[in-house]
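Notes follow the structure.
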Amino acid sequence: MLSKLEERTRDLAVYLLENKATVRAAAEHFGISKSTVHKDLTERLPRMDPGLSARVRLLLDWNKAQRHIRGGLATRRKYRGEPP
């Protein structure tokens, strides 16, 4: 039986993969901090389920690589007066 912490960690991983979500989106969805999401996914998940952790790591790395693009688009919308 999984502890609450392990259950949350697994739920976070599944949510991220199913929705191709960011850490920020997952934190908002679960009502926890981005730091907690990151800790669960990078420290706890590898000990619990290395296979699932590897898949999550690929998504986290992809999101990090795309971060500068999303930031640039947000800045463009801001200065054009477009809604977020």
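Every read-out reported here was derived from the displayed coordinates using simple, explicitly stated rules and does not represent laboratory data. Nothing here was measured: the structure is a model prediction, and the numbers come from that model. Every residue, glycine as well, gets a Cβ built from its backbone with ideal geometry; the counts of neighbours run over all protein chains shown.
Miscellaneous remarks
- Straight-distance candidates among the lysines for linking to Lys39, with alpha-carbon spacing under 19 Å and chain neighbours fewer than 8 residues away dropped: Lys4, Lys20, Lys64.
- For the range 62-80 versus the range 1-35, the gap between their alpha-carbon centres in whole angstrom: 23 Å
- Gain upon complete extension [Lys4, Lys20; 0.36 nm per residue less C-alpha separation]: 3.4 nm
- Local electrostatic count at Ala27 - Lys and Arg +1, Asp and Glu -1, tallied over other residues with Cβ under 13 Å: +1
- Figure legend: label point modelled 7 angstrom from the Cα of Ser33 along Cα→Cβ; no residues of the range 55-84 have amide N under 20 Å from it.
- Gyration tensor (alpha-carbon) shape descriptor, the chain, a/c threshold 1.5: prolate
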